[in-house]
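Q: Please find one structure pasted underneath; my questions will follow.
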Amino acid sequence: MEERVYLPQEWAMVYAGLREINQPVESVLMWGLREGFGGLLLRGTVVPLTVLLGSAARGQVSSFPYIERFDSAVVPALPPGWSTSTQRSSSGDFVSTTSSPRSAPQTLLSTNSTVAQFLISPRFDFTDRTPEKLEFFTARSGTHLAGVLIEASLDDGVTFPITVSDTLRNPGATGYLPTSLRLPASLSNQTHVRIRWRVVGGAGGTTGTIRLDDITLTTLSTYDLGLTGLTLIRVAQQDGQSTPDKIVGLRATVKNFGQISAGGYAVRFFKDADNNGVADDQELFASVAGTQIQVGDSAIVDATMESPGPGNHRRIAVVAFPQDSNPANDTATVLIPVSAERNSMIINEIMVDPLTGQNEWIEFFNRSPDPIDLAGWRFSDRPTAGGSVNMFVITTQSHTVRSGDFVVAAAESTILSHFPLLRVPASVRHVFILNRSGGFSFGNDGDAIILHDQVGPTIDSVSYSPGWHHPDVNDSRGRSLERINQDIGSNDPHNWSTSASVSGGTPGERNSIYTTGLMTNASLSFNPNPFSPDGDGFEDFCLIRYHLPLTTSLIRITIFDIRGRAIRTLANADLAGPTGEVIWDGFDTEKQRVRIGPYIIFLEAVDGQGGTIATAKGVVVVATKL
């Protein structure tokens with residue numbers, strides 16, 4: 001019997017044209033669907049649309065690999081861009097379900113293998129790409145015996161003339177099994193490709209089910225350059241032994257994953273200064289053109305760069321190739337951990353026995369010529385017999401300490417009250433409050449302080465002893481141990497002594513007993529000289545500055561009149577470093593202003609055994625206005 005199809009008048013010419021070129025009725029249905037027609041007459045009966053769309057308008061896929069797990073749809077709808085026949089059910093022959101997915105939470109399900117049904121994918125745009133593989137998983141019940149065909153369309157689903165697979169049969173197992181199909185070359189560079197899963201029907205039972213899940217479609221790009229490696233270029237240092245090889249550049253390996261020879265590209269190199277893992281334009285430090293690469297081959301592209309300083313650094317390389325259609329492999333990253341040099345940052349002052357109401361603190365000093373990023377730097381005490389240590393991280397954030405800067409790590413904020421100078425912002429001073437109310441637990445009877453950079457090696461360590469305090473200091477509580485010279489060994493007992501500061505320490509500033517080298521003789525200088533202590537606010541005080549050939553000593557400064565009588569003592573057994581200052585206000589011991597005339601300033605410095613080892617004297621003139 002001849003099949004008769006009744007169409008609306010506006011469809012007649014379209015249908016006739018399609019039949020002349022042997023296009024099936026289904027082609028008309030797909031065309032009508034796109035034109036918005038709501039139904040058609042078949043043998044005089046109104047039937048519903050042959051194809052049911054997903055929950056959103058048909059999408060286009062141009063990014064690969066394409067992966068669909070059917071988890072984004074609201075059950076029982078299909079994901080956006082997917083469509084199904086309505087031969088068995090007006091709500092759709094294939095539906096999403098939470099029943100027995102391969103990968104939770106959802107899968108697709110079709111029932112009744114006696115009825116022909118189909119499922120159509122979204123539109124794929126394979127511009128500059130060669131489709132490679134289609135992989136998916138199916139699970140059938142024992143009574144789903146109908147064959148399944150995988151077909152492809154080049155005209156957005158109007159026709160499906162390309163056979164992708166042989167008929168897939170029931171494998172005799174009910175669990176999910178994989179199917180991997182090589183996609184035909186005829187799909188290459190096509191812009192309106194759809195894939196159809198077609199259940200042939202006419203076999204098995206009405207309760208037979210088939211489930212479809214975890215679809216992956218991969219492509220080979222016509223143009224696809226990718227980075228397969230980013231390594232450091234190093235050169236040996238001149239000593240060839242103790243100094244690590246110097247980093248002088250980066251080497252990027254570029255591979256042609258595409259289908260034709262490629263050239264006209266460049267590799268751009270970035271310094272990830274803000275450590276966000278992104279190649280920002282302002283971080284670009286080199287762009288190097290590459291050579292022609294044949295299919296499957298690789299090329300090396302080198303760039304020079306400055307050797308990074310201490311710290312953890314990231315460098316990023318990106319292939320810049322206008323025709324590239326696979327950005328997923330265009331970027332490579334290399335991490336560069338650079339340890340700081342030994343003693344580049346040193347332990348400079350220690351407060352381990354604070355007064356009541358105060359807490360422990362440590363001062364470090366950057367004695368290297370280069371800035372140091374403190375992120376990840378930490379210090380610890382001496383390991384116990386069991387190997388445990390108290391470890392304290394100074395900061396986890398990037399924080400640059402310049403050459404000559406001081407770093408103060410305090411257990412808690414009471415240090416700010418005792419040393420108000422630390423509250424004053426200064427470029428050479430960096431204060432970190434570690435919020436350790438119990439302190440650092442350093443031993444008053446001796447312990448070790450070990451400084452590590454973020455890479456791990458020990459940068460400096462001090463094994464201190466209370467015997468390092470000045471022997472004339474009877475009570476060292478509340479007084480720090482200061483380093484005398486930054487270039488002398490950290491564990492030399494002669495390089496440490498008690499702070500001479502009246503505050504008990506000098507955190508964040510030059511040590512009170514610091515010296516770069518000792519004079520052979522003591523000396524005094526005066527400013528202004530003469531001076532006029534008449535209370536008019538001009539040159540009322542004389543600053544007496546001393547220089548001693550000692551790191552620490554006890555000093556006495558006495559003022560004598562012209563007849564040799566002692567009229568005032570400015571310092572008496574005061575702890576002093578190699579340099580210091582005292583002020584004379586022009587008054588005597590009785591707080592009477594002295595007469596005009598010359599006065600002798602006499603300084604004596606004694607060592608720990610009480611023997612005088614240095615003296616100096618000079619003349620200061622007390623004057624008045626004429």
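Q: Over segment 264-412, with the other protein chains present, what is the accessible area per residue in square angstrom, probe 1.4 angstrom?
A: Heavy-atom accessible area per residue stands at 46 Å².
Q: Given the options Leu232, Gly277, Thr163, identify the residue whose Cα lies farthest towards the positive end of the charge dipole of segment 157-284 (+1 on Cβ of Lys, Arg; -1 on Cβ of Asp, Glu).
A: Thr163
Q: Which whole-number percent is the relative contact order of segment 64-200 (Cα, under 8 Å, 6+ apart)? All intermediate terms of the calculation are to be shown ahead of the outcome.
A: Values: 296 pairs, mean separation 36.9, N = 137.
That works out to 27 percent.
Q: Give me the orientation-averaged projected area of the Cα convex hull of segment 412-452, in nm², one decimal. All intermediate terms of the calculation are to be shown ahead of the outcome.
A: Values: hull surface 16.6 nm².
Convex hull of Cα atoms, orientation-averaged projection: 4.2 nm².
Q: Compare the peptides 544-557, 369-382 by average per-residue count of other Cβ atoms within 10 angstrom and give them in order, highest first.
A: So the order, starting with the most tightly packed, is 544-557, 369-382.
Q: While we're on this one: Could you grab the Rg to Rh ratio for segment 428-581? Cα atoms only, Kirkwood for Rh.
A: Rg divided by Rh gives 1.06.
Q: Same structure again: When the accessible area of segment 521-626 is computed with all protein chains present and a 1.4 Å probe, what percentage of it is carbon and sulfur?
A: Here carbon and sulfur together make up 50 percent of the probe-accessible area.
Q: Go through 585-594, 497-506, 87-96 and give me the packing order, highest mean Cβ count within 10 Å leading.
A: Those peptides, ordered most packed to least, come out 497-506, 87-96, 585-594.
Q: Using a Cα-Cα cut-off of under 29 Å, which lysines could be cross-linked to Lys255, ignoring same-chain neighbours fewer than 8 residues away?
A: Straight-distance partners of Lys255: Lys133, Lys246, Lys271.
Q: Once the whole set of protein chains is in place, how much accessible area is left on Ile293, using a 1.4 Å probe, in Å² to the nearest 10?
A: Number for this one is 0 Å².
Q: Are there any chymotrypsin sites (Phe, Trp or Tyr not before Pro) in segment 152-248 that are in a DSSP loop and have at most 16 other Cβ atoms within 10 Å? List them by number.
A: Those that pass, being in a loop and sparsely packed, number zero.
Q: Follow-up question, since we're still on this one. Which whole-percent values make up P(r) of segment 320-396 when all C-alpha to C-alpha distances are grouped in 10 Å steps starting at zero?
A: Taking all Cα pairs of segment 320-396, the binned fractions are 12, 29, 25, 13, 11, 7, 2, 0 percent.
Q: Where does the chain land at 222 nm, in deg cm²/dmol rounded to the nearest 500, when only DSSP H runs of n ≥ 4 count, each adding -39500 (n - 2.57), divided by all residues?
A: Details: 3 runs with 28 residues, N = 626.
One gets -1500 deg cm²/dmol as the mean residue ellipticity at 222 nm.
Q: Considering only DSSP beta bridges with both partners in the chain, what is the antiparallel share in %, to the nearest 5?
A: Bridges in the chain are about 95 percent antiparallel.
Q: Rg and Dmax of the chain over Cα atoms: what are they, in angstrom?
A: According to the Cα coordinates of the chain, Rg and Dmax are 42.9, 148 Å.
Q: Relative contact order of the chain: what whole-number percent is it, with Cα pairs under 8 angstrom and at least 6 residues apart?
A: The normalised contact order for the chain reaches 7 percent.
Q: Leaving ligands, DNA and RNA out of it, rank Met345, Met391 by accessible area with a 1.4 Å probe, largest first.
A: Correct descending sequence by accessible area is Met391, Met345.
Q: Starting from the Cα-Cα distance between Arg182 and Arg367, subtract it from 0.36 nm times their residue separation and give me the gain in nm to one decimal.
A: Residue separation times 0.36 nm, minus the Cα-Cα distance, leaves 60.1 nm.
Q: How long are the three semi-axes of the equivalent ellipsoid of segment 268-378, in whole Å, if each is the root of 5 times an eigenvalue of the C-alpha gyration tensor, listed from largest down?
A: Semi-axes (√(5λ), whole Å): 45, 15, 10.
Q: Let me ask something else. How far is helix 25-35 tilted, in degrees, relative to the longest principal axis of the Cα atoms in the chain, given as a value from 0 to 90 rounded to the nearest 10?
A: Taking the Cα atoms of the chain, the angle to 25-35 is about 50 degrees.
Q: Could you tell me the accessible area of Leu154 in Å² (1.4 Å probe, neighbours in place), rounded to the nearest ten?
A: Surface accessible to solvent at Leu154 totals approximately 60 Å².
Q: Carbon and sulfur: what percent of segment 100-198's accessible surface (1.4 Å probe)?
A: Exposed carbon and sulfur together represent 51 percent of the surface.
Q: May I pose another question? In Å², what does the accessible area per residue of segment 104-252 work out to with a 1.4 Å probe?
A: Normalised by residue count, the accessible surface of segment 104-252 is 41 Å².
Q: Rg and Dmax in Å for segment 324-456, alpha carbons only: what are they?
A: 18.0, 69
Q: As I understand it, the dipole of the chain uses +1 on the Cβ of Lys and Arg and -1 on the Cβ of Asp and Glu, about the Cα centre. Which of Ser461, Gly376, Gly618 lies farthest toward its positive end?
A: Comparing the listed Cα positions along the dipole, Gly376 ranks first.
Q: Expressed as a whole number of Å, what is the distance separating the alpha-carbon centroids of segment 325-394 and segment 210-234?
A: 40 Å
Q: Rolling a 1.4 angstrom probe over the protein heavy atoms, how many square angstrom per residue are accessible across segment 447-494?
A: Working: 1950 Å² over 48 residues.
So segment 447-494 comes to 41 Å² accessible per residue, rounded to a whole number.
Q: Below 8 Å between Cα atoms, with a sequence gap of 6+, how large is the relative contact order for segment 457-518 in percent? Please list the in-between numbers first.
A: Numbers: 79 pairs, mean separation 21.0, N = 62.
Answer for segment 457-518 is 34 percent.
Q: Also: Could you give log10 I(q)/I(0) at q = 0.12 Å⁻¹ for segment 204-327, computed by the Debye formula over C-alpha point scatterers of equal weight, without solvent?
A: -0.58
Q: In addition: Specify the inter-centroid distance of segment 446-516 and segment 248-275, based on alpha-carbon positions, in whole Å.
A: Cα centroid of segment 446-516 versus Cα centroid of segment 248-275: 50 Å apart.
Q: For helix 9-20, what angle does its Cα long axis make with the longest principal axis of the chain, in degrees from 0 to 90 and rounded to 10?
A: Computed tilt is about 80 degrees.
Q: Which value, in Å to one decimal place, does the Kirkwood hydrodynamic radius take for segment 52-198 when every pair of different Cα atoms is included?
A: For segment 52-198, inverting the mean 1/r across all distinct Cα pairs yields 15.8 Å.
Q: In segment 319-415, what percent of the accessible surface is made up of carbon and sulfur (1.4 Å probe, ligands and nucleic acids excluded)?
A: Numbers: 2160 of 4120 Å².
Reported share for carbon and sulfur atoms: 52 percent.
Q: For Thr228, tell me the accessible area in Å² from a 1.4 Å probe, rounded to the nearest 10.
A: Its accessible surface works out to 80 Å², give or take rounding.
Q: Using a 1.4 Å probe and counting only protein heavy atoms, arrange Arg198, Arg211, Arg423 so the residue with the most accessible area comes first.
A: Ranking Arg198, Arg211, Arg423 by accessible area, largest first, yields Arg423, Arg198, Arg211.
The values are calculated or read from the model by the stated rules, or taken from the named source; none is laboratory data. Model, not experiment: these values are computed from the prediction. With ideal geometry, Cβ positions are generated from the backbone for all residues, glycine too; neighbour counts draw on all protein chains shown. Side chains included, ligands, DNA and RNA excluded: accessible areas come from the protein's heavy atoms. Shrake-Rupley method; radii C 1.70, N 1.55, O 1.52, S 1.80 Å.
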